[in-house]
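The values are calculated or read from the model by the stated rules, or taken from the named source; none is laboratory data. Not measured: the values here are computed from a predicted model. So basically every Cβ, Gly included, is an ideal-geometry build from the backbone, and we count neighbours across all protein chains shown.
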Amino acid sequence: MTTQHTAADRRTETPDESTGQLLWLVFAVLVAGSPHLLDLHPWVPVTVLAITGWRIIAALKRWRLPSIWIRAPLTLLGFLGVLFSYRQISGLGAGSALLLIMVSMKLLETRGHRDRAVVVFICYFLLFAAFLREQAIWSAGYLMAGVLITTAALYQTARVGTVVPAPRAMQMAFRLVLQALPLMLLLFFLFPRVPGPFWSLPTASGRATAGLTNEMTPGDITELARSNQVAFRVRFDDAAPAPAELYWRGPVLTNFNGRTWTMQAVEARSELLERAPAAGAAYDYELTLEPHRRRWLLALETPATWTARFATLSSAYQLVNTTPVDRRMSYRGRSYLGQSLPAPSNGYQRARMRIIPAGTNPRSAAFARDLRARSTDDRAYLNRIWMHFRQQAFYYTLTPPLLGTHSVDEFLFDTRRGFCGHFASAFALLARAAGIPARIVTGYQGGEKNPLGNYWIVRQSDAHAWVEVLLDDQWVRYDPTAAVAPERIEFGFDAAMDPRALSGSGLLGRHSILNRLALSWDAVNAGWNRWVLSFGPDAQATMMSFVGIRNPSSRYLVVAMAISITILLVIIGLLQRYFGHPRQDALQIGYQKLCARAARAGRARRPNEAPEEYCAALCILRPDLATDIRRLFESYVRLRYDGPVDTHRTREFGRAVRRFRPRSAPT
């Protein structure tokens, strides 16, 4: 009977003070779990909210908590639900769902301080997982607030008795976090880094954000061109090239079925760097690429060196990673501008780049034969094509009409309206129709310089396509868009769509203040990405160079970190020892001095002896000092017990005590 009564007591809600602690725990769980809710299966947040709601009602109504025979099946069901919903229990999505299910189940057995502490620590893990999910700078503010609230919940659950008011708990949490801040900064800056961003996990497979793809049908890039989403940011070590020279090389499309261009299988060719002469102006830069779930990287034409560890140069001079870019990636590169690219000696590859499917775009093929017959050589023929685009009534637009089966024919001779994909596709087909190997290069062209951070922003609206043709065993770039809309190449996408932007009366000119605010915010984000999210070996070496340390090794960093942490802990210990001792007020210090001097005149004060009693005893022992002793003790009693402390009278009392220098009692 006694055993059953004890078990029932353990399942009964504890007294009133635990209800306040429970509310703090539930608040911490909701704050830590909120960033995950929209990315989880709907049943997970519903389950969490149902359990927390029942737990609050149970605390208010003094219901018994569920026994192990109820909690165990519920926990198993939650585990199996996560497993079947995500087909795994690891990873950001499944791990966050499992943490939320487990923390809600833990709320069903929060009977003591240990159980509540476990809930708090799970909340810390949920906050960390939320930072892996979203690393924008605004999320850091939310997560810092979450850390403060969770720390306040930890402070409340560690107390014995009722909870303290919320402002006091938040003040204590702020003090604790502030004390941990120096140690956090030391670990962040000195802990040896490995290449690649630390504060990220691969994004979900259904969340690709890049606009470029491995194929192109004229018209597919329309939505991409309208997007202002950042594709990457780049910072040049020295002066940047002119905007018209900023061709950022991406996927190279060589296969053509009459309407759609696609990539061929990527083939790494390390000997290309040996065959490509280091001609032209060299530019060194640091590029921060946003995740796009594909293998290709971006590089300024023509890439020569790069620091991306798992990247290779393909036979099409395309920089390719071994795995998809599913997280923000930073790397350095060197490129040479103004040089042509050596062509492969493989005759099969050259033949593939002359292929035009039979029966497709017949008018274009006939136009190419006629134009080639009137040209002296291949270069003159290509110049005639370029001048055809320049002189005829072609229009650059993002809303071209739909094209049929013979898309190039309809574009060249009927609609004559399109964007870079239309012009590049038509130019490449005309080159192939004359027997000249040609391919389409997609990527980005231009960018917007942010003077506030001295870097360039390349957006999805800067997506572009151009043509490479084989002349004298060298790949030569032709950009037919420059013939139709030269302002697109010289001044960017906005200038091509709105000529008023050239004179400052367009969109950016009308809203220069908004544009400056947008650039300021982007500069803050770029600094956040560079110095926090992408803080790797290069950034760490740069930071260490500011204090005179060049190229520190991992061993050096570990030693420096250990020494710095030791010094910091010693300083913290000394400060706590100094400020931790209770400080006596000036009145108490004066009274202790009075007692010490009175002890030399008569006898020492006994423990628990009141001031009046001690004064009376001294007056009997030293009647010659009775007047001074009585005056000093009565002054102390009035200051101590008669209303608030008077600072001026307290100082007067201290000076009177210092003047009181009685002779020792006669023996």
request  = Just need a number here: residues in region 572-596 that are assigned to a helix (DSSP H, G or I) and either under 26 Å from Cys615 (Cβ atoms) or modelled with pLDDT of 85 or more (or both).
outcome  = 11
ask   = Quick one: which of Arg488, Arg459, Arg384 is touching a residue at least 12 places away in the same chain (Cβ under 8 Å) and farther than 19 Å from Asn228 by Cβ?
value = Arg384
query = Among the residues of region 544-558, is there at least one that is part of a helix (DSSP H, G or I), outside the structural domain of Arg638 (by TED's automatic domain parsing), touching a Ser or Thr at 6+ places or on another chain (Cβ under 8 Å) and closer than 30 Å to Leu452 by Cα?
reply = no
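Assigned by TED's automatic domain parsing to the domain that holds Glu652 and assigned to a helix (DSSP H, G or I): is that true of Ala562 in this structure?
So Ala562 does not fit the description; no.
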ask   = Taking region 489-534, which residues are modelled with pLDDT of 75 or more and not in a helix (DSSP H, G or I)?
value = none
request  = Evaluate region 408-426: report whether one residue or more is surrounded by fewer than 19 Cβ atoms within 10 Å (Cβ to Cβ), among the small types (Gly, Ala, Ser) and touching a residue at least 40 places away in the same chain (Cβ under 8 Å).
outcome  = no
ask   = Is it the case that Ala541 is in contact with a Lys or Arg (Cβ under 9 Å, 6 or more places away or on another chain) and under 30 Å from Thr288 (Cα atoms)?
value = yes
inquiry  = Can you find a residue that is in contact (Cβ under 8 Å) with a residue 40 or more places away in the chain and among the charged types (D, E, K, R) anywhere in region 130-141?
reply    = yes
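Yes/no per residue for (1) closer than 27 Å to His36 by Cβ; (2) at pLDDT 80 or above; (3) touching a Phe, Trp or Tyr at 6+ places or on another chain (Cβ under 7 Å):
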residue	(1), (2), (3)
Arg168	no, yes, no
Val177	yes, yes, no
Phe198	yes, no, no
Leu201	yes, no, no
Met216	no, yes, yes
key: Residue list for region 258-301, filter: at pLDDT below 85 and polar (S, T, N, Q)   = Gln264, Ser270
ask   = When region 295-312 is examined, which residues are found to be of a type in the set (A, V, I, L, M, F, W, C), assigned to a strand (DSSP E or B) and more than 20 Å from Ala281 (Cβ to Cβ)?
value = Trp296, Ala311
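For every residue, the table says whether it meets (1) at positive phi; (2) touching a Lys or Arg at 6+ places or on another chain (Cβ under 8 Å); (3) touching a residue at least 24 places away in the same chain (Cβ under 8 Å).
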| position | (1), (2), (3) |
| --- | --- |
| Tyr285 | no, yes, yes |
| Trp296 | no, no, yes |
| Leu300 | no, yes, yes |
| Arg328 | no, no, yes |
| Gly333 | no, no, yes |
| Gly338 | yes, no, yes |
| Arg352 | no, no, yes |
